[in-house]
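Student: Got a structure for you, written out below as structure tokens; questions coming shortly.
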Amino acid sequence: MAARSRPVSVVTGGAGFLGSHLVDRLLAEGHRVIAIDNLITGTTGNIGHLAGEENFRFIKHNVSNFIFLPKEKLDYVFHFASPASPIDYLELPIPTLKVGALGTHNTLGLAKDKEASFILASTSEVYGDPLEHPQKEDYWGNVNPIGPRGVYDEAKRFAEAITMAYHRYHRLDTKIVRIFNTYGPRMRLRDGRVVPAFIGQALSGEPLTVFGDGSQTRSFCYVSDLIDGIFKLAMSSFHEPVNLGNPREMTIKQFAEEIIRITGTKSTIEYKPLPVDDPKVRQPDISRAKEVLGWEPRVGFEKGIKATIDYFRDSLKS
Ligand code: UDP
């Protein structure tokens, strides 16, 4: 593709788990990509394979501060920067609030200045500990603003509000994806989320730490499915929020048992206290994504989990 006709995309959080997979997809689609990341939870290891790629550029920068790209013509700004695991945002409450609020304002300003489309990575956390199940996009949520998760939930709710304001007031072309639990290669082994935690514990023969009685539910989506939905949404002209996730729901106890079965580990289950405000249920209603984007997940649980286990097995060796 000629340099001029290549769309140009900025991905904030481009060295993170989802951001780096999105960068790969955009490059494969013929985009030129600028990844911006301050590396507080991301790592250059996630983009190391792109060294020498002429259509890729990495900028180490905290997008909660002003973003300066004077010479660039941009077509898409994907705002994916944020600590995203409960442990990360407990340790980094203020950076989490800032990147969801100031970072979203800065990236919206960048998109407006460049007349680019803007895609916000929002989250199922906007539904909080949901009183409706499964969650549809028109559910307003049940969030504790002052609890430990509030720093993430409220930052993302603010991010959605300011995104819609830029859409309505400045006529910016904006999209909002509400991302449900997603897993796959490039998650950090010790990010505290249940998928790397259980797989890491199973592979090293330690007990799997189930929080509470394990009856809380989650629905896990494989990363390639999620990225496919995000790309389709970015190319669409749909401005309301869209849930993306896999509706296959299971309890955390069942999930632990599946990891024990699939890895063949001798690990047992150990019960630990449930974190404050831990949502009791979570399952996306994906009717809107099906209807608007013609999207639904394709990768089955067993296949996705095996690929993820292989990734963690390799990273434990090195
Ligand atoms: N969880 C668990 N053991 C762990 C880590 C997490 O039982 O070692 C539980 C956690 O309490 C929650 C679910 O697994 O109910 C998913 O947690 P995660 O941190 O992956 O993300 P969340 O969906 O809560 O944002």
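The values are calculated or read from the model by the stated rules, or taken from the named source; none is laboratory data. Just so it is clear, the model here is predicted, and its values are computed rather than measured. Cβ atoms come from the backbone with ideal geometry, glycine included; neighbour counts cover every protein chain shown. Ligands, DNA and RNA are stripped out before the accessible areas are found, and what is left, the full protein with its side chains, is counted by its heavy atoms. Shrake-Rupley method; radii C 1.70, N 1.55, O 1.52, S 1.80 Å.
Student: Could you check the range 261-281 and list, in sequence order, the residues that are modelled with pLDDT of 95 or more, aliphatic (A, V, I, L, M) and surrounded by fewer than 18 Cβ atoms within 10 Å (Cβ to Cβ)?
Tutor: Within the range 261-281, 262, 269, 274 qualify.
Student: On to the next question. Mind checking which pairs have a first residue in the range 76-95 that is of a type in the set (A, V, I, L, M, F, W, C) and a second that is open to solvent by less than 40 Å² (accessible area, probe 1.4 Å) and part of a helix (DSSP H, G or I), Cβ under 6 Å, 6 or more apart or different chains?
Tutor: Partner pairs satisfying both residue conditions: 77/107; 77/110; 77/111; 80/18; 80/19; 81/99; 81/103.
Student: With respect to residue 171, is the statement that it is within 11 Å of the ligand (Cβ to nearest atom), open to solvent by 40 Å² or more (accessible area, probe 1.4 Å) and either of a type in the set (Val, Ile, Thr) or closer than 30 Å to residue 111 by Cβ (or both) true? Full working, then the answer.
Tutor: Details: within 11 Å of the ligand (Cβ to nearest atom): no; open to solvent by 40 Å² or more (accessible area, probe 1.4 Å): yes; either of a type in the set (Val, Ile, Thr) or closer than 30 Å to residue 111 by Cβ (or both): yes.
No; evaluated as a whole, the condition is false for this residue.
Student: Under 9 Å between Cβ atoms, which residue pairs at least 6 apart in sequence (or on different chains) link something in the range 192-209 that is closer than 15 Å to residue 254 by Cβ with a partner that is within 8 Å of the ligand (Cβ to nearest atom) and among the small types (Gly, Ala, Ser)?
Tutor: Between residues of the range 192-209 that are closer than 15 Å to residue 254 by Cβ and residues that are within 8 Å of the ligand (Cβ to nearest atom) and among the small types (Gly, Ala, Ser), the close pairs are 194/256; 198/256; 202/256; 208/197; 208/256.
Student: May I ask you to say which residue of 312, 231, 301, 255 is within 27 Å of residue 164 (Cα to Cα), open to solvent by less than 30 Å² (accessible area, probe 1.4 Å) and aromatic (Phe, Trp, Tyr)?
Tutor: Checking each option against the conditions leaves just 231.
Student: Next up: Is it the case that residue 119 is touching a His at 6+ places or on another chain (Cβ under 8 Å) and farther than 23 Å from residue 286 by Cα? Break it down stepwise before answering.
Tutor: Numbers: touching a His at 6+ places or on another chain (Cβ under 8 Å): yes; farther than 23 Å from residue 286 by Cα: no.
In short, no.
Student: Taking the range 277-295 as the search range and keeping residues that are touching a residue at least 12 places away in the same chain (Cβ under 8 Å), away from the ligand (no atom under 16 Å from the Cβ) and of a type in the set (D, E, K, R), which one is nearest to residue 147 (Cα to Cα)?
Tutor: That would be 285.
Student: Among strands (runs of 3 or more DSSP E) lying entirely in the range 1-101, which contain 3 or more residues that are of a type outside the set (D, E, K, R) and farther than 15 Å from residue 118 by Cβ?
Tutor: 56-60
Student: Next up: Among the residues of the range 190-218, how many are in contact with a helix residue (DSSP H, G or I) (Cβ under 9 Å, 6 or more places away or on another chain) and part of a loop (DSSP other than H, G, I, E, B)?
Tutor: Residues flagged as in contact with a helix residue (DSSP H, G or I) (Cβ under 9 Å, 6 or more places away or on another chain) and part of a loop (DSSP other than H, G, I, E, B) within the range 190-218 amount to 12.
Student: Restricting attention to the range 212-222, does a residue exist that is within 22 Å of residue 26 (Cα to Cα) and either open to solvent by 30 Å² or more (accessible area, probe 1.4 Å) or more than 10 Å from the ligand (Cβ to nearest atom) (or both)? Give the steps one after another, and end with the answer.
Tutor: From the range 212-222, those within 22 Å of residue 26 (Cα to Cα) are 221-222; that's our starting set.
If we keep only those that are either open to solvent by 30 Å² or more (accessible area, probe 1.4 Å) or more than 10 Å from the ligand (Cβ to nearest atom) (or both) too, we end up with 221-222.
Scanning the range 212-222, I find at least one residue that is within 22 Å of residue 26 (Cα to Cα) and either open to solvent by 30 Å² or more (accessible area, probe 1.4 Å) or more than 10 Å from the ligand (Cβ to nearest atom) (or both), so the answer is yes.
Student: How do the pairs read when you match residues in the range 148-160 that are open to solvent by 50 Å² or more (accessible area, probe 1.4 Å) with residues anywhere that are more than 11 Å from the ligand (Cβ to nearest atom) and β-branched (Val, Ile, Thr), using Cβ under 6 Å and keeping only pairs 6 or more apart or on different chains?
Tutor: Going by the 6 Å Cβ cut-off, the qualifying pairs are 157/126.
Student: Let me ask something else. For residues that are more than 16 Å from the ligand (Cβ to nearest atom), of a type in the set (Ser, Thr, Tyr), in contact (Cβ under 8 Å) with a residue 60 or more places away in the chain and open to solvent by less than 10 Å² (accessible area, probe 1.4 Å), tally how many sit in the range 96-127. Give the derivation first.
Tutor: Just the residues of the range 96-127 that are more than 16 Å from the ligand (Cβ to nearest atom), to begin with: 97-99, 101-120.
Filter once more, keeping what is of a type in the set (Ser, Thr, Tyr): 104, 107, 117.
Those left that are additionally in contact (Cβ under 8 Å) with a residue 60 or more places away in the chain: 107, 117.
Narrowing further to those that are open to solvent by less than 10 Å² (accessible area, probe 1.4 Å): 107.
The number of residues fulfilling the criteria is 1.
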